[in-house]
Amino acid sequence: MFKLFLKITFILMFISPAYSSDENIDMLNKLGKEINVYSKKLVNVDVGDTVFWKSVNPGHNVEFIKGGIPEGAEKFKSSYSKDTSYTFKTPGIYAYWCTPHKSIGMIGFVVVGNDKSNLDSIKKIKFYGKSKKIAEELLNSL
């Protein structure tokens, strides 16, 4: 009987569904020497995973950048100073920023399903100020 239990347990380990790897990102006024920043600038998730942005400090939000999401994906813009989340249903790269702090470097990317098919459209986004340099560094790291 015990051998049967072990066999069933072993089989279930390989056929059970994979657990998601949701990500948490803090919206911060300061992190190290940086001001107005997301705690993670680049995250990789699978289709169906959720990213949670926590409003640790007030005055921040999350806005997907026009031209910075895969074709067929939904636009998204959160309220200011509120925790928010988004479940990713379409693979590709999602570029986002904090609306009032986009020119001073508060940007990030989510890569869904390791799909970089929309990389060319992401490279065409007009980033401003400090965000331009950060975006270039992040894109080079993909």
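The values are calculated or read from the model by the stated rules, or taken from the named source; none is laboratory data. The model shown is predicted, which means the values in this text are computed figures rather than measured ones. So basically every Cβ, Gly included, is an ideal-geometry build from the backbone, and we count neighbours across all protein chains shown.
Can you confirm whether Met27 is touching a residue at least 40 places away in the same chain (Cβ under 8 Å), over 25 Å from Lys124 (Cα atoms) and in contact with a Cys (Cβ under 8 Å, 6 or more places away or on another chain)?
Numbers: touching a residue at least 40 places away in the same chain (Cβ under 8 Å): yes; over 25 Å from Lys124 (Cα atoms): yes; in contact with a Cys (Cβ under 8 Å, 6 or more places away or on another chain): yes.
So Met27 fits the description; yes.
Answer yes or no as to whether Ser117 is exposed (fewer than 13 other Cβ atoms within 10 Å of the Cβ), touching a His at 6+ places or on another chain (Cβ under 8 Å) and either at pLDDT 95 or above or within 18 Å of Glu23 (Cα to Cα) (or both). Working first, answer last.
Numbers: exposed (fewer than 13 other Cβ atoms within 10 Å of the Cβ): yes; touching a His at 6+ places or on another chain (Cβ under 8 Å): no; either at pLDDT 95 or above or within 18 Å of Glu23 (Cα to Cα) (or both): yes.
So Ser117 does not fit the description; no.
What's the total number of residues in the stretch 65-78 that are surrounded by 13 or more Cβ atoms within 10 Å (Cβ to Cβ) and within 11 Å of Thr99 (Cβ to Cβ)?
The total comes to 2.
Touching a residue at least 60 places away in the same chain (Cβ under 8 Å), among the aromatic types (Phe, Trp, Tyr) and either within 18 Å of Ser21 (Cβ to Cβ) or assigned to a loop (DSSP other than H, G, I, E, B) (or both): is that true of Phe109 in this structure? Working first, answer last.
Working: touching a residue at least 60 places away in the same chain (Cβ under 8 Å): yes; among the aromatic types (Phe, Trp, Tyr): yes; either within 18 Å of Ser21 (Cβ to Cβ) or assigned to a loop (DSSP other than H, G, I, E, B) (or both): yes.
Criteria met by Phe109.
For residues that are under 11 Å from Ile107 (Cβ atoms) and over 17 Å from the mean Cα position of the chain (by Cα), scanning just the stretch 126-135, find the one that is surrounded by the most Cβ atoms within 10 Å (Cβ to Cβ).
Taking the stretch 126-135 and keeping what is under 11 Å from Ile107 (Cβ atoms), we get 127-135.
Restricting the remaining residues to those that are over 17 Å from the mean Cα position of the chain (by Cα) gives 127-130, 132-133.
Details: Phe127: 20, Tyr128: 12, Gly129: 12, Lys130: 18, Lys132: 15, Lys133: 11.
Among them, the one singled out is Phe127.
Identify, from the list Pro17, Pro58, Pro70, the residue that is assigned to a loop (DSSP other than H, G, I, E, B) and either polar (S, T, N, Q) or modelled with pLDDT under 95 (or both). Step through it out loud before you land on a result.
Working: Pro58 fails: either polar (S, T, N, Q) or modelled with pLDDT under 95 (or both); Pro70 fails: either polar (S, T, N, Q) or modelled with pLDDT under 95 (or both).
That would be Pro17, the only listed residue that is assigned to a loop (DSSP other than H, G, I, E, B) and either polar (S, T, N, Q) or modelled with pLDDT under 95 (or both).
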